[in-house]
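Structure, as structure tokens:
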């Protein structure tokens, strides 16, 4: 019944899973979670190494339910219900697509499925069902309704797993379904153009939402949604280079989010605070945490010299190669906006004046291990960008795409440009040393401020919160389209769906209680329908 196969694609995703879960072993967690983590870990292995659709579906459901039980231990009932209802919906959509595929191909095994047997008019419904599943798990707009609250309220360490690994299961499903099972020969459909734009819109909207957040975990949740939007967009281009770019960004996003979420978990552990308005000035107390967060931010922003620059480089050049100019402009716009919330993370937590001056807990050393590991990987990929290419080439070959050529591990090549990570890293180190030297020389001549709060306001005390991390993003409401994004939400629409569902459920419950009166009404309705059909 169960069919498994070891593949380069499965090895990549399960390798990322092993690193993420293993790195959390050094941090003390709730004992009752151990078994659930083992079940979740095993279900991800089932998904990534499944060789038939039924095995994939079983792993998918176990992943959803084990995650739900972990989330429900810390989240409110409403948030836990959001998670499981949306993910059950995604599971049913996946099951519907599997049933349709099996109905016309007669097999569940990946290699035996001949997608060409499915009538053309039924292929789009299959695509739509699969995209619903992928969109829900990846948190694409408007299916992101469960993501932000879940990331915020879940255990701080499990939020890292949700962002770094669980969200990638949707990306894995995208690749395995539309390249291995469906076959990219049948993918030239306008549905993929729609999905590409859905990914871009997701990245822009989520980025704007992230800028306005006061809660750190909510900001990172929106950031995760935006980054997944990039990946979905580039994968929807359906090309060998787009697969490489999407997978490269998947690797980067995994380690960036693992680093950032655990960094924030560290801050919450030692301060008990999770809002920018309640934090600030922690640089001098925790310089190591600041340096690690800075590395994560550089990787997230996609600027030299870290690995995030390499994945953005591949995304941009692939879109240029495929002449997707408008998609490129939109993604670059979203990337520029992302600098605002990246700076908010740095300044709102570590720079500025210290808002919370109470005594802090000492941070267990185990919190540093996954952060240092992730930071090292980002630095290594920055200096040796072709190392990622070397990892991804076997995957491209297994999916019948051409591998990417490279002359050394320092070079990353595309049809439009090439990048030498060693040179970039060397230049960056030289510039950093020069700036640091100048800063140290200048610091000896600066005037030391005795009291950072001693500021003159012409005799008046300001009535507003002047904390930079708290206020950043609020002035952007003056820009009309940003104001529209910030002042609108999908919540009313999903709440309306919930009301309609409850009403329908109430009607069904009433009919299910088969009193004599209800039976009479059903008989009358049945004969009315028959009469209507007969008259027509």
| said: Is it the case, given these coordinates, that residue 62 is within 23 Å of residue 110 (Cβ to Cβ), surrounded by fewer than 21 Cβ atoms within 10 Å (Cβ to Cβ) and touching a helix residue (DSSP H, G or I) at 6+ places or on another chain (Cβ under 8 Å)? | reply: yes
| Going by the structure shown, is residue 424 farther than 19 Å from residue 351 by Cα, within 29 Å of the chain's Cα centre (by Cα) and modelled with pLDDT of 85 or more? | yes
| remark: Quick count over the range 12-36, residues being within 20 Å of the chain's Cα centre (by Cα) and either in contact (Cβ under 8 Å) with a residue 24 or more places away in the chain or not assigned by TED's automatic domain parsing to the domain that holds residue 156 (or both), is 10
| Looking only at the range 485-494, which residues are surrounded by 12 or more Cβ atoms within 10 Å (Cβ to Cβ) and part of a helix (DSSP H, G or I)? | 485, 486, 494
| query | Which condition breaks for residue 115 when tested against (1) touching a residue at least 60 places away in the same chain (Cβ under 8 Å); (2) crowded, with 20+ Cβ neighbours inside 10 Å? | reply | (2)
| If you check 404, 389, which single one turns out to be farther than 28 Å from residue 225 by Cα, in contact (Cβ under 8 Å) with a residue 60 or more places away in the chain, surrounded by 14 or more Cβ atoms within 10 Å (Cβ to Cβ) and in contact with a strand residue (DSSP E or B) (Cβ under 9 Å, 6 or more places away or on another chain)? | 404
| note | Taking the range 131-160 and keeping only residues that are in contact with a helix residue (DSSP H, G or I) (Cβ under 7 Å, 6 or more places away or on another chain), farther than 16 Å from residue 80 by Cα and part of a helix (DSSP H, G or I), one is left with 131, 132, 133, 134, 138, 157, 160
| field | Residues located in the range 27-50, provided they are surrounded by fewer than 19 Cβ atoms within 10 Å (Cβ to Cβ) and outside any helix (DSSP H, G or I) | value | 28, 29, 30
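The values are calculated or read from the model by the stated rules, or taken from the named source; none is laboratory data. Owing to the predicted nature of the structure, the values given are computational and were not obtained by experimental measurement. Cβ: placed from backbone, ideal geometry, glycine included. Neighbour counts: every protein chain shown.
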